[in-house]
Amino acid sequence: MRNSALAWIGHPLTVIATVLLLLNDHLFKSLWPGLVTGKLSDVAGLIVAPPLLNLFIRRPRVSVLLTGAAFTLVKTTSIGAALASEAWTLAWGPSQVLADPTDLMALPALYAAWWTWNHPAARAARLARAAIVIPVTVLAVAATGQTEVFRPYSAYAVDVADGMIVVATRGGWSMGPPRTGFASSDGGNSWVSWDAPMPPLPRTSACVPDQPDRCYRIVPTRLKVEELRNGQWVTAWEIPPSGQDRLARVYAPKLPEDAEVVASLGIAIQKLSGGYVVVVANGADGIALRDISGIWHRLGWAEKGFDSSRAVLLTEPGRYEDSVPMTALLAGLAAGLVALGCGVRRLGFAVPALSLWVGVWLFYSGLNTPILFNPFAVLFASVLVPIGAYGVIVSAVRGGTRLRVWAIGAATAAVAYYAIMMPFYAWSAGWLKYYSLASGLSIALGIAAGSAGVLAVIKLKGPPTGLS
């Protein structure tokens, strides 16, 4: 047991390196970006990786050598970096590992890993540490990969250059090649990639060449184009505000700062044989195209440019934010606990109830972060939830809570959840026009459901006679 695989991964130095790896990747790098925090993960990772690998191959010397060889290959060759990126992508989602020969300065950390193998700690302590640290170690090593982030595509400007309509675009996967633009020479029927510079400011109006009285302009903040007819501006094409609101939810990003507008941003006109085409850059929704015959089309994002078949239909169910169901669950749980607490009427009930609620919230937030997941939040939640649930049950039983109060508390939680979700269901189905209306109704209905549950318990229990 002096040199067991468990003893190696449970060594105090390995435990310290694991904690340092987690803190550096999830906290220090964002607080103090630079050379030190950039290399610190490499040093800690080289100490942690050999004992983790040794759990599977049970060859300490080979584990150290394989770790060093793999690290060198990844950091010095594009092939190694690409293979590491593919492996991380298969295991943990889209990721990219970059080759950087300067990271080789961390290789002496392998000696520290070898030293921990040859200097095991006491048996009882190391086995106890190993039983706790193995899952945390796996989380720490797995979470060091850089997760790729998708930002919605956006068509933000359009121009005519070299006889072609050119649409400037941005967005896509953070670690992939940026989309700088697409061009069409046949009136929008086909598109090719385009990298030429665009004007610094998008054009908001344009006239048909040689026809100064035939002009078009976009309406700011709207998916709308107006046409000049007989000296007056009239609507040529538009998406109603309710449809625009629905489309804005379709292209909502994971992070609010990555959001792209869904509105007309730029316009250009190309003269062709037999007529002209009008192209409008519509932000995250792609482009709108008026063909030679005068018919308007919405063109969505395709692999190579734009395609009308890829446009999002306004009749499709609306997509509300991923956080809405969990927010409703947390609100429903809070309403149920408050209603139950009004029946228990013991000061000691508040602490376990709050612990249970915080534990559920931590578990959700730990599994839904831009950095894959937060292992600290998940592990802390795994402690708070059972302790809180146990405390709630014990406090309620000691308070002599009747079964009817339990039933009202549970019903309050369920009713509050569905009361909050129903407006979003209705908006998704098209029964409510605006997302903001659904949000307001959900708040009002949730408060009403929670209040009804509390009042039902208070009426059932009667006026309080004292607290214990």
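Remarks
- Test: residue in region 342-362 that is open to solvent by 70 Å² or more (accessible area, probe 1.4 Å), of a type in the set (Phe, Trp, Tyr) and free of Cβ contacts under 8 Å to residues at least 60 places away in the same chain: yes
- Only one entry of 383, 397 meets the criterion of being surrounded by fewer than 17 Cβ atoms within 10 Å (Cβ to Cβ), within 20 Å of residue 460 (Cα to Cα), modelled with pLDDT under 90 and not basic (Lys, Arg), and that entry is 397.
- Whether a residue is out of contact with any Asp or Glu (no Cβ under 9 Å at 6 or more places or on another chain), over 30 Å from residue 322 (Cβ atoms) and surrounded by fewer than 17 Cβ atoms within 10 Å (Cβ to Cβ) was assessed, and residue 227 passes this test.
- Test set (1) modelled with pLDDT of 80 or more; (2) open to solvent by less than 50 Å² (accessible area, probe 1.4 Å); (3) within 24 Å of residue 379 (Cα to Cα) - residue 53 fails condition number: (2)
Matching residues to (1) at pLDDT 90 or above; (2) open to solvent by 70 Å² or more (accessible area, probe 1.4 Å); (3) under 23 Å from the mean Cα position of the chain (by Cα); (4) of a type in the set (Lys, Arg):
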| residue | (1), (2), (3), (4) |
| --- | --- |
| 252 | no, no, yes, no |
| 261 | yes, yes, yes, no |
| 264 | yes, no, no, no |
| 273 | no, yes, no, no |
| 284 | yes, no, yes, no |
| 288 | yes, no, no, no |
| 295 | yes, yes, no, no |
| 306 | yes, no, no, no |
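- Any chance residue 222 is closer than 20 Å to residue 155 by Cβ, in a loop (DSSP other than H, G, I, E, B) and in contact with a Ser or Thr (Cβ under 8 Å, 6 or more places away or on another chain): yes
- Flag if residue 331 is open to solvent by less than 20 Å² (accessible area, probe 1.4 Å), closer than 30 Å to residue 412 by Cβ and of a type in the set (A, V, I, L, M): no
The values are calculated or read from the model by the stated rules, or taken from the named source; none is laboratory data. The shown structure was predicted, so the numbers you read here are calculated from the model rather than taken from an experiment. Glycine gets a Cβ as well: all are built from the backbone with ideal geometry, and neighbour counts include every protein chain shown. Heavy atoms of the whole protein, side chains included, go into the accessibility calculation; ligands, DNA and RNA do not. Shrake-Rupley method; radii C 1.70, N 1.55, O 1.52, S 1.80 Å.
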